[in-house]
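Here's the structure, in structure tokens; my notes come after.
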Amino acid sequence: MSTVIRGGTIVTADLSYKADVLIEGGKIAAIGEGLVGGTTLDATGCYVMPGGIDPHTHLEMPFMGTYSADDFESGTRAALAGGTTMVVDFVLPSPDQGLLDALKMWDNKSGRAHCDYSYHMAVTWWGEQVFDEMDEVVKRGITSFKHFMAYKGALMVNDDEMFASFRRVGDLGGVALVHAENGDVVAELSARLLAEGNTGPEGHAYSRPPQVEGEATNRAIMIADMAGVPLYVVHTSCEDSHEAIRRARQQGKRVWGEPLIQHLVLDESEYFNADWDHAARRVMSPPFRNKLHQDSLWAGLQSGSLSCVATDHCAFTTEQKRYGVGDFTKIPNGTGGLEDRMPVLWTFGVETGRLTPNEFVAVTSTNIAKILNMYPRKGAVLIGSDADLVVWDPAAEKSISAGNQQSAIDYNVFEGIKVKGLPRYTLTRGVVAVTEGKVDSREGHGEFVARQPRPAVNRALSAWKELTAPRPIERSGIPASGV
Ligand code: DUC
Ligand code: ZN
Ligand code: ZN
Ligand code: ZN
């Protein structure tokens, strides 16, 4: 069974050109004019792009006393509805759990996925078992390791643990990821705010100012440099963090930043809404920022100092959010976005002229495929690539509403936003999963994508290179010990 996508304009991170795409056996078999196949999909007036890759999701994750509400079934269905054909989810060992044991838990959940997926492994504690198991984790195709610098007393790792883990990741040819917020300062500010009677959701934003993110990002970059490991900074939300990433990249370090679609479009005024539910539904870490920080993030995408747009999809129902009535530190952190990332970025990025369609493809798909070493199987429109494709209709419009979303939760943080630019078709490995908003995908169709490690490629500072090869100095005489 073959399929031809006919009459569209192929848009990749590099090129835009008119051609048909022939798909056979789930892969792209030919690209050219006048192709024929068993089934024909009309792409007239549309762009044919690599399906989106969301590098940052938390599906059915145990967190803050509950589980995130979207699982691999509803989450990946939402992804496909919005033109995203792959997610990378975080395996999160509890602080007394081995990595392989946690991986088994995730494997039991991910079998329900509608689209392909991969994992990052979180390092939530440090010890010999973690060190040993990291090797096996890499052998199973998971080469990226996430470290929380926040969530003190729960997921947070200290600098000594992070340095040890970063070195191990570098030796294994992987990439280190960080959630960069200074967890000690957040804990201190939170306690003070609560003591002063600031218990509402706005306290969450006050407890995590941009400085806690900027400080942690700088620290992570320096530690990664000393460890000789490439570093990917998740949910870069502010200029303070972006500035550190820009500077590191200019110095030749392999450091990447990932803004979220929420931070690009929604701002901190959401937390001052008089409706408690409204504000609490938007509590996530880092919190939404002001317009100046948003401008910085857009500029980063335009200039290339920021690389990938993600969602950090970690959805909780209103009922779950209400665990934090009377204490903002108990509001489960997280928002949704899997279904909305592509249309919202197209609307606020491409439609406004901030991004070209090619840049859109780069930041939603191709860049992360390269960083995570799965290009050109993913993130490309090339012969032999997986036929994870979106036929994108730039004229299609809708109003975002929880009433017709795939996500399991009862609201949408983008409610009421009018988007222009939507999938006409979404294909996962050649199978049409979405047609003009109608989802017809198969639970369990998704496959795990294993990734290969590569030798550490971070550029350490030249001074450090000397320090990494210490040798004893020959001296003419050594004074007697003073002891
Ligand atoms: N931030 C969130 O808002 N949710 C999940 C984890 C995180 O870092
Ligand atoms: Zn995080
Ligand atoms: Zn509201
Ligand atoms: Zn996250």
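The values are calculated or read from the model by the stated rules, or taken from the named source; none is laboratory data. Being a predicted model, the structure only gives us computed values, none of them experimental. Every residue, glycine as well, gets a Cβ built from its backbone with ideal geometry; the counts of neighbours run over all protein chains shown.
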Out of all the residues in the range 281-291, is one or more surrounded by fewer than 18 Cβ atoms within 10 Å (Cβ to Cβ) and either among the aliphatic types (A, V, I, L, M) or touching a residue at least 24 places away in the same chain (Cβ under 8 Å) (or both)?
yes
Considering 89, 54, 14, 71, which residue is more than 24 Å from residue 395 (Cβ to Cβ), within 16 Å of ligand 1 (Cβ to nearest atom), charged (D, E, K, R) and surrounded by fewer than 24 Cβ atoms within 10 Å (Cβ to Cβ)?
71
Residue identified as within 14 Å of ligand 4 (Cβ to nearest atom) and among the small types (Gly, Ala, Ser) among 300, 336:
336
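So which of 147, 114 is within 16 Å of ligand 2 (Cβ to nearest atom) and in contact (Cβ under 8 Å) with a residue 24 or more places away in the chain? Before the answer, list the steps.
Details: 114 fails: within 16 Å of ligand 2 (Cβ to nearest atom).
Result of the check over 147, 114: 147.
From the set of residues in the range 130-148 that are touching a strand residue (DSSP E or B) at 6+ places or on another chain (Cβ under 6 Å) and of a type outside the set (D, E, K, R), which is farthest from ligand 3 (Cβ to nearest atom)? I'd like the intermediate steps shown before the answer.
Pass one, the range 130-148, residues touching a strand residue (DSSP E or B) at 6+ places or on another chain (Cβ under 6 Å): 137, 142, 144-148.
Then drop every residue that is not of a type outside the set (D, E, K, R), which leaves 137, 142, 144-145, 147-148.
Details: 137: 42, 142: 39, 144: 36, 145: 38, 147: 34, 148: 30 Å.
For the range 130-148, the residue satisfying everything is 137.
Name every residue in the range 261-279 that is within 20 Å of residue 202 (Cα to Cα) and either within 16 Å of ligand 2 (Cβ to nearest atom) or under 22 Å from the mean Cα position of the chain (by Cα) (or both), in order of residue number. Step through it out loud before you land on a result.
Start the filter on the range 261-279 by keeping residues that are within 20 Å of residue 202 (Cα to Cα), which leaves 262-279.
Within the range 261-279, 262, 263, 264, 265, 266, 267, 268 meet the criteria.
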Condition set touching a strand residue (DSSP E or B) at 6+ places or on another chain (Cβ under 8 Å) and under 17 Å from residue 182 (Cβ atoms), scope the range 232-243, selection farthest from ligand 1 (Cβ to nearest atom): answer is 242
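Among the residues of the range 117-144 satisfying the criterion of being within 16 Å of ligand 2 (Cβ to nearest atom) and either of a type in the set (Ser, Thr, Tyr) or touching a Cys at 6+ places or on another chain (Cβ under 7 Å) (or both), which is farthest from residue 441 (Cα to Cα)? Please lay out each step first, then the result.
So in the range 117-144, the residues within 16 Å of ligand 2 (Cβ to nearest atom) come out as 119-124, 144.
When the remaining residues are screened for being either of a type in the set (Ser, Thr, Tyr) or touching a Cys at 6+ places or on another chain (Cβ under 7 Å) (or both), the result is 119, 124, 144.
Working: 119: 22, 124: 34, 144: 29 Å.
Out of the qualifying residues, it is 124.
Among 164, 122, which is the only one that is within 16 Å of ligand 1 (Cβ to nearest atom), among the small types (Gly, Ala, Ser) and touching a residue at least 12 places away in the same chain (Cβ under 8 Å)? It would help to see each step written out before you state the result.
Working: 164 fails: within 16 Å of ligand 1 (Cβ to nearest atom).
Exactly one residue qualifies, and that residue is 122.
Need at least 3 residues that are within 28 Å of residue 331 (Cα to Cα) per element, so show me which strands (runs of 3 or more DSSP E) inside the range 22-118 make the cut, counting only ones lying wholly within it.
Details: elements: 27-32, 39-42, 47-50, 52-57, 84-91.
Hits in the range 22-118: 52-57, 84-91.
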When the range 202-249 is checked residue by residue, the ones that are buried (at least 24 other Cβ atoms within 10 Å of the Cβ), away from ligand 4 (no atom under 16 Å from the Cβ) and of a type in the set (Asp, Glu) are none
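Yes/no per residue for (1) of a type in the set (A, V, I, L, M, F, W, C); (2) crowded, with 20+ Cβ neighbours inside 10 Å; (3) touching a Gly at 6+ places or on another chain (Cβ under 7 Å):
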position: 307; (1), (2), (3): no, yes, yes
position: 314; (1), (2), (3): yes, yes, yes
position: 322; (1), (2), (3): no, no, no
position: 346; (1), (2), (3): yes, yes, yes
position: 355; (1), (2), (3): yes, yes, yes
position: 366; (1), (2), (3): no, yes, yes
position: 388; (1), (2), (3): no, yes, yes
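Is it the case that residue 441 is modelled with pLDDT under 95, more than 21 Å from the chain's Cα centre (by Cα) and among the hydroxyl-bearing types (Ser, Thr, Tyr)?
Against the criterion (modelled with pLDDT under 95, more than 21 Å from the chain's Cα centre (by Cα) and among the hydroxyl-bearing types (Ser, Thr, Tyr)), residue 441 does not qualify.
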